[in-house]
Amino acid sequence: MRKLFTRLLNADTESEVQAILDAEGLTSDASKWTPYGDNESFFGVIENQQAHPVPALVEKVTNGIDAILEKKVLQDGVDIRSSAAPKSIREALDRYFPDHRHWDLGDARRRQATDLQIVASGPRRDTSLLVYDDGVGQAPADFPGTFLSLLRGNKNDVHFVQGKYNMGGAGAIAFCGDLRFQLIASKLYDGSQPLGFTLLRRHPPALAEAANRKNTWYEYLIFDGKVATVDVNELDIGLAGRKFRTGSLLKLYSYRLPGGLRTIISRDLNLSLNEFLFEPALPFLTVDNNERYPDNRAPVTPVYGLKRRLEADTETIETKFSEVSRTVELGELGITVYVFKARSRGKGVKETKRYLQNEYFKNNMTVLFSLNGQVHGAYSSEFVTRALKMPLLKDYLLVHVDCSSLHLEVRNELFMASRDRLKAGDKADVVRKHLRDMLLASELKEISRRRKSSLGVDSGDAGEMLRDITRNMPMNDALSRILRQTFKISEQRPGTAATKEREPPRRPKRGPRDAPPFNPQRYPSAFRARGGDMRGNGLKLYRLPEGGDRTIAFATDAENDFFDRTDDPGDLSISLMRPSREGGGNGVPTPSKQGDLLNVVRSSPIDGTIKVGLRATGQMTVGDTVKLTATLTSPNGDLTETVLIQITDPEQKPPRKEPDVEPPLGIPELILCSKAGGRRA
């Protein structure tokens, strides 16, 4: 068994694995193979998961993170399913990894990242990947119920891990070459059991056809009805900075990475993994070797998520902001918006666009939907051009949508079980519309306007150019009169004096007032509500029209990325007190959940202002008053501001008056063209 395990572990391609099976007489020995999941019909479950090899590989990483968290809980003497176990991934990190907010620092990040690694081996064009985690591990007898099971829901009652379906880890098998070989080896974290190992494969289609079977199936290697075992203390398997002692090893032979990623995995695959893991719970390493790429100066590279990469890239990011929405229908939805510069790093537009595509949009994902930091689906740039109607930002906008706190029903209707794409349906449409409305009402609208005004040709000059062309066109008077019935064309003719159109007198514009300089602080020391319609019971009162919206601005000195930075971020919590009604008992207001009485949208600070948008729900009627308390966190002491919100009669908007006669169409809008490759685009 030791010899067989060592040969399989050292094999670098699927053809080498097949040669080992042939030499040992294992290829066609039916007694040595049993169906994966104890069911031949699971072939369809395995094949119908992730449609792309990178998110399938991400599932292996996610399982490794889960295993490391489980190990920490067990080492603490806590049952992973008990009430004493962490209730979320964030709680587990805070309890067992107190430095997790500082993993953007090199030494701490690299130390932690050695617990989870992806190691490349084999030829450049036929790369195999070894996924290692220093996690809880499994006893050999437990393999059939863990690694080799499907659809048992093993993690459904473990709240501090990502997995729940007991199927995601099987998705990568479909991308393991043509023969679908995957080695599984594991040893319990306490060393109390020997190392167990087995080999997964797709039952050879030729053998299935010879047995008159309609389809093939997946199966794994057994000896005397059990997975094989080996006594080992440690193994040198090419890991960075350590040897294998306990935990799990998964080797994916001849893994079919996309063409653009079949190079140095510590570079190209690393970038793609970052896209699908916006904010992984734990960092990990991608490890290549100098035998495959002798000129590679960085064969070992940490992966700590796209969020941290974006935070570090101050050279290409023009601006970023965040908003959090809480509604009765959806729950809590958080968005973070990143806008890239059109020109950066001293390069032109074309070079900058190419750089951004390679660094941040390798998989054509513009809007990323994530749960606990793992991307579960995405929109392409089509959302920017069609839903937002901001084509100038199409190649320069990245939006992260945190769905971790959406209602369970909404999450189930939004995400596929494969966790790599979104469902189509009514709930998905509601989320898309809500996201669109949030972005159109946000700072992004002003950013789009500024980007449009920064074009090389000013729209006013372009219009004047077209007017000059129409004024100098050779037309007789009859033709001019006919065209003026449809188009607004100046009557000035060549050789005549210019005539000025009468314009209503304009009031002189006041110059902008000099605003006091904003001095941002890492931790806020000020927080107060601005404005207000009146005061009631010593508090500022804001009127909110029934069915309408209202925005309250809070003044603060917190820096703009206070909510969004990875290192020690702050938060703004909002609590509501239900209105007291006549005959409602003692009349004391009772607490309410956010999004119950009011739908709330909270923005990130922008130069000293935090905006909170409000809309009343169906539980609020005209005359109701609700107390809103906003608390801004700070290590120097939380800052609290309380205001009153009163529901008033709906706003009466005057009916829109349509013009009796349609105005002339005017000069057509100028559309800028450019040359590309000698051809007009």
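For this structure, a couple of remarks:
- Taken one residue at a time, the phi angles of the stretch 59-76 give Karplus couplings (6.51, -1.76, 1.60, θ = phi - 60°) of 4, 5, 5, 4, 4, x, 4, 4, 5, 5, 5, 4, 4, 4, 5, 5, 5, 7 Hz. Gly and Pro are set to x.
- Taking amide H atoms as placed 1.01 Å from N in the peptide plane, the amide H of Arg528 lies under 5 Å from those of Ala555, each 5 or more residues away in sequence or on another chain.
- Note on Asn156 and Asp649: with the Förster distance fixed at 41 Å, the Cβ-Cβ geometry gives a FRET efficiency of about 0.25.
- Measuring nothing but how far apart in sequence close Cα pairs (under 8 Å, 6+ apart) lie, relative to its length, the stretch 313-443 scores a relative contact order of 24 percent.
- A Förster radius of 45 Å combined with the Cβ-Cβ distance from Gln619 to Thr319 puts the calculated FRET efficiency at roughly 0.75.
- Karplus (6.51, -1.76, 1.60) ³J(HN,Hα), θ = phi - 60°, over the stretch 337-342, in Hz, Gly and Pro reported as x: 10, 10, 10, 8, 5, 6
- Subset of Lys243/Lys362; Lys362/Lys445; Lys540/Lys653 violating a 29 Å alpha-carbon distance limit: Lys243/Lys362
- Length added when fully stretched, Lys214-Arg101, from 0.36 nm per residue minus Cα-Cα: 35.4 nm
- When the GluC sites (Glu not before Pro) in the stretch 209-295 are filtered for DSSP coil states and for at most 13 other beta-carbon atoms within 10 Å of their beta-carbon, the remaining sites are Glu234, Glu291.
- The ranking of His52, His203 from fewest to most other beta carbons within 10 Å of each one's beta carbon is His52, His203.
- Here the residues Ser272, Ser573, ranked from fewest to most Cβ neighbours within 10 Å of their Cβ, fall in the order Ser573, Ser272.
- Across the stretch 390-395, coupling constants 3J(HN,Hα) worked out from phi with the 6.51/-1.76/1.60 Karplus curve, θ = phi - 60°, read 10, x, 5, 9, 3, 9 Hz, and Gly and Pro carry x.
- Between amide H atoms placed 1.01 Å from N, distances below 5 Å from Val375 occur with Leu277, Phe278, all of them 5 or more places distant or on a separate chain.
- Neighbourhood net charge (13 Å Cβ-Cβ; Lys/Arg +1, Asp/Glu -1) for Phe321: -3
- For Asp549, residues with placed amide H under 5 Å, excluding near neighbours: none
- Overall form of the stretch 219-334: oblate. Here a/c, set by the Cα gyration tensor axes a ≥ b ≥ c, is 1.5 or more, and a/b is not larger than b/c.
- Likely footprinting exposure, Leu397, Leu199, fewest C-beta neighbours within 10 Å first: Leu397, Leu199
No lab work stands behind these numbers, since they all come straight from the coordinates. Just so it is clear, the structure is predicted and the values come from calculations on it, not from any experiment. All Cβ positions, glycine included, derive from the backbone under ideal geometry; neighbour counts span all protein chains shown.
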